[in-house]
Amino acid sequence: MAVLVVADNDNAHLRDGTHKTVTAALKLSSDVDVLVLGKGAKAVADAAAKITGVRKVLLAESDALGHGVAEAEADAVLALAGNYDAILIPATSGGKNFAPRVAAKLDVAPISEIVEVVSADTFTRPIYAGNALETVQTSDAKKVITVRPTAFAAAEEGGSAPVETVSGADAGKTRFVSEEMVKSDRPELAAAKIVVSGGRAMGSAEEFQKVIEPLADKLGAAVGASRAAVDAGYAPNDYQVGQTGKVVAPALYIAIGISGAIQHLAGMKDSKIIVAINKDSDAPIFQIADYGLVADYKSAVPELMDALTAAGK
Amino acid sequence: MKVLVPVKRVIDYNVKVRVKPDQTGVDLANVKMSMNPFCEIAVEEAVRLKEKGVATEVVIVSIGPQQAQETIRTALAMGGDRGVLIVTDIDPEPLAVAKLLAAVVAEEQPNLVLMGKQAIDGDNNAVGQMLSALLGWPQATYASAIEVSGSTAKVTREVDGGLQTLDVDLPAVVTADLRLNEPRYASLPNIMKAKKKEIAQKTVADYGVDVAPRLKVLKVVEPAKRSAGIKLETAADLVSKLKTAGVL
Ligand SMILES: Cc1cc2nc3c(=O)[nH]c(=O)nc-3n(C[C@H](O)[C@H](O)[C@H](O)COP(=O)(O)OP(=O)(O)OC[C@H]3O[C@@H](n4cnc5c(N)ncnc54)[C@H](O)[C@@H]3O)c2cc1C
Ligand SMILES: Nc1ncnc2c1ncn2[C@@H]1O[C@H](COP(=O)(O)O)[C@@H](O)[C@H]1O
């Protein structure tokens with residue numbers, strides 16, 4: 001049995017969702033190859049070659065692949081699918097965008113966002129916003145699976161697999177027009193050790209930037225937000241944590257002015273330590289928080305900043 | 001331009017989900033069911049396209065139990081023109097749904113399929129992409145803005161890192177994200193009017209699609225519960241706890 005892992009990357013950097021997906025793949029087989037889709041992504045392929053346990057790295061490049069166009073991504077994977085028994089794709093928005101296409105073309109049932117490999121044909125995945133865990137056994141000979149990175153440890157680095165070039169693919173009837181990426185020097189939300197998130201309580205984008213961002217910077221944290229904060233324009237869409245946003249599992253998650261709706265919890269309840277700052281002592285977030293401050297964030301956050309300074313942070 | 005909107009009847013997003021003690025699934029007896037919120041957003045967008053004079057007809061389709069008719073009625077009350085209900089007792093997997101929808105597309109010949117990005121029961125986030133692949137139509141998922149002009153559509157998408165804009169040839173499949181619009185509430189007169197709109201009743205056999213499940217559900221369990229922690233008095237207490245826990 002051979003497994004193909006599609007790398008999580010932005011043409012310049014390999015993201016650690018790849019390492020985590022390799023860990024899931026190694027539970028299925030010791031023959032694990034990594035496919036890098038991108039443009040000008042040689043450095044990404046070289047980085048993937050260092051992941052321990054990887055047999056070889058395949059690099060497919062084209063303009064459409066560089067822009068993450070799903071039609072091209074699926075075609076590039078399909079061109080190689082004959083050599084593999086399972087295709088594992090990190091469950092990022094980009095991965096979820098093309099994985100089902102691969103499954104449809106192969107006439108197999110995709111298995112979305114697995115959190116556990118039970119055996120070679122049996123996997124566990126969350127459903128209903130993480131309120132239930134379903135274990136499914138597939139009867140398809142070939143498997144197309146997306147992997148929730150936070151559920152697996154990252155594979156180590158130390159290998160030196162060969163890198164081969166394979167053919168790229170084009171976008172067909174879809175044209176890339178433009179992109180508007182949020183620029184930030186902070187750690188990436190999905191991989192950060194600490195996440196500070198703000199909710200509707202912030203009331204404005206200015207307040208969000210004034211309250212949440214300095215605290216995040218003091219902690220070297222990534223910034224997250226609730227859907228309500230994103231909908232209201234306080235934070236960019238890319239910050240949304242939850243059932244239909246990003247799933248995070250940092251060592252420390254600090255929720256400020258977030259009530260704790262199940263859709264939000266779905267994206268952060270596997271964090272190691274959860275802190276909630278909320279003025280309503282009955283807010284559902286306190287039912288899962290390890291430490292809570294029942295307080296107005298307007299006084300609590302400055303006090304927290306001072307306490308961190310006093311503690312040498 | 002004809003727009004097809006597939007909608008799914010799911011457990012209402014406000015309901016606290018309970019896993020059945022025998023681990024066979026989630027308890028759906030006597031719980032409130034509603035239209036999947038992302039499908040509501042898709043219906044709203046289709047109706048707005050009609051109001052703008054871009055779309056001429058909005059056809060709603062649902063695959064599910066007989067009660068999914070109510071879900072279609074809700075969409076018709078929001079402004080859809082007519083419905084198609086494909087009745088089935090099983091909750092079909094995304095592959096089967098995509099195949100059935102491809103058969104409906106062959107029959108209806110829409111210029112655009114506008115649907116939800118994800119159904120909040122199975123959280124698969126798959127059918128739109130699969131339908132696009134089966135039809136060989138372009139896809140634009142996670143849409144936060146759609147602009148149709150002539151034979152193409154410009155779609156702004158919510159992606160990791162920010163926003164991306166694609167231009168797709170029509171016909172195409174577009175899936176809705178949360179920021180696309182805010183769905184309207186149907187007015188009483190429109191609810192009354194919707195009662196008279198046509199809903200065609202179909203069966204899976206009418207389309208000759210194999211809907212046999214590929215996945216066997218071995219068990220459904222509740223995730224490990226997190227217990228509530230402690231409430232602290234001061235920010236300084238919090239910092240000292242976090243230091244002790246080794247996360248600072
Ligand atoms: C289909 C669907 C998908 C969804 N997906 C997501 C998702 O991915 N992520 C997500 O987050 N949500 C999601 N939601 C939305 C979710 O249901 C909630 O509406 C949302 O999480 C609420 O955001 P909030 O906690 O910021 O706002 P609210 O629920 O309004 O909570 C604000 C909190 O701030 C507190 N507060 C107010 N003022 C202060 C103050 N001065 N100091 C301290 N505390 C204060 C209040 O006590 C309250 O608890 C989804 C909903 C649907 C229907
Ligand atoms: N049984 C169904 N009937 C009609 N549409 C469906 C059905 N299941 C899924 N869909 C459509 O596919 C979208 C994505 O669902 P999923 O891929 O299951 O998360 C939904 O928002 C619907 O638009």
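A few remarks follow.
- Convex hull volume of the C-alpha atoms in the protein assembly as shown, normalised per residue: 147 Å³.
- Here the dipole of the protein assembly as shown is about 860 debye; that uses its Cα centre as origin and unit charges on the Cβ of Lys and Arg (positive) and Asp and Glu (negative).
- Calculated Rg and Dmax of region B:73-159 using C-alpha coordinates, Å: 13.8, 40
- Restricting the trypsin sites (Lys or Arg not before Pro) of region A:121-204 to loop positions (DSSP other than H, G, I, E, B) with no more than 16 neighbouring Cβ atoms within 10 Å leaves A:K142, A:K173, A:K183, A:K193.
- A 1.4 Å probe run over the protein chains yields, for chain A, 36 Å² of accessible area per residue, whole-number rounding.
- For region A:152-247: rounded, prolate or oblate by the Cα gyration tensor [a/c cutoff 1.5]: oblate
- Annotation for region B:31-113: trypsin sites (Lys or Arg not before Pro) lying in DSSP loop with at most 15 further Cβ atoms inside 10 Å of their Cβ are B:K32, B:K52.
- Solvent-accessible area buried by B and A, counting both chains, probe 1.4 angstrom, square angstrom: 6800 Å²
- Unit Cα scatterers, Debye sum, region A:92-162: log10 I(q)/I(0) for q = 0.14, 0.16 Å⁻¹: -0.51, -0.65
- Dipole magnitude of region B:55-203, debye to nearest 20 (Cβ charges: Lys/Arg +1, Asp/Glu -1, about Cα centre): 540 debye
- Cross-link partners for B:K219 among the aspartates and glutamates, with Cα-Cα distance under 18 Å and sequence neighbours closer than 8 places in the same chain left out: A:E113, A:E116, A:D121, A:E134, B:D22, B:D27, B:D91, B:E93, B:D121, B:D123.
- Spread of Cα-to-Cα distances over 5 Å intervals beginning at zero, given as percent, for region A:198-261: 4, 20, 31, 29, 14, 2
- A dipole drawn for region B:137-248 from +1 and -1 charges on Cβ atoms has a positive end, and of B:V220, B:P183, B:A153 the residue lying farthest that way is B:V220.
- Summarising the amide proton neighbourhood of B:R82: residues at separation of 5 or more, or on other chains, whose placed amide H is nearer than 5 Å comprise B:V58, B:I60.
- Look at the dipole of the protein assembly as shown built from charges on Cβ: of A:P110, B:V43, B:Q139, the Cα furthest out on the positive end belongs to B:V43.
- Solvent-free Debye scattering, log10 I(q)/I(0), computed from the Cα coordinates of region B:1-132 at q = 0.13, 0.15, 0.17 Å⁻¹: -0.51, -0.68, -0.86
- Given A:K210/A:K246; A:K50/A:K272; B:K117/B:K193; B:K50/B:K197; A:K96/A:K193, the pairs whose alpha carbons are separated by over 26 Å: A:K50/A:K272; B:K117/B:K193
- Contour minus Cα-Cα distance for A:V118 and A:K56 (0.36 nm per residue): 19.8 nm
- Within chain B, helix-based [θ] at 222 nm, where runs of 4 or more DSSP H residues each add -39,500 (n - 2.57), nearest 500: -8500 deg cm²/dmol
- Centroid-to-centroid separation of region B:22-84 and region B:182-248 [C-alpha atoms, Å]: 17 Å
- Contour excess over end-to-end distance, with Cα ends at B:A228 and B:E51 and 0.36 nm allotted per residue: 58.8 nm
- The residues of region B:21-46 listed by number as losing at least 20 Å² of accessible area in the complex, against the isolated chain and with a 1.4 Å probe, are B:V26.
- Dipole check for region B:130-243: with +1 at the C-beta of Lys and Arg, -1 at the C-beta of Asp and Glu, and the Cα centre as origin, the magnitude is about 620 Debye.
- In this calculation the C-beta distance from B:L218 to B:E70 is compared with R0 = 30 Å, giving a FRET efficiency of 0.40.
- Taken over region B:3-52, the convex hull of the Cα atoms encloses 80 Å³ per residue.
- Most fluctuating residue given options B:A133, B:A46, B:A29, as computed from a GNM of chain B linking Cα atoms under 10 Å: B:A29
- Mean projected area (nm²) of the alpha-carbon convex hull when region B:107-248 is viewed from all directions: 16.7 nm²
- Helix-derived mean residue ellipticity, 222 nm - over chain A, DSSP H n ≥ 4, -39500 (n - 2.57), to 500: -8000 deg cm²/dmol
- What separates the Cα centres of region A:34-50 and region A:96-150 is a distance of 25 Å.
- Cα centroid separation, region A:253-293 to region A:206-245: 14 Å.
- Of the solvent-accessible surface of the protein assembly as shown, computed with a 1.4 Å probe and all protein chains present, 49% belongs to carbon and sulfur.
- Residue with peak Gaussian network fluctuation, chain A [Cα springs, cutoff 10 Å], from A:I273, A:I89, A:I254: A:I273
- Think of a 1.4 Å ball rolled over the protein heavy atoms: region B:109-248 then has 46 Å² of accessible area per residue.
- Calculated FRET efficiency, A:A141 to B:L28, Cβ-Cβ distance, R0 = 41 Å: about 0.80 to the nearest 0.05.
- Rounded D (µm²/s) - chain B, Kirkwood Rh over Cα pairs, Stokes-Einstein at 37 °C, 0.692 mPa s: 166 µm²/s
- Cα coordinate range in chain A, projected on the principal axes (Å, largest first): 60, 40, 38
The values are calculated or read from the model by the stated rules, or taken from the named source; none is laboratory data. On a predicted model such as this, the values are computed, not experimentally measured, just so you know. Ideal geometry is used to build each Cβ from the backbone, glycine not excepted, and the neighbour counts take in all protein chains shown. Surface areas here come from the heavy atoms of the whole protein model, side chains and all, with no ligands, DNA or RNA. Shrake-Rupley method; radii C 1.70, N 1.55, O 1.52, S 1.80 Å.
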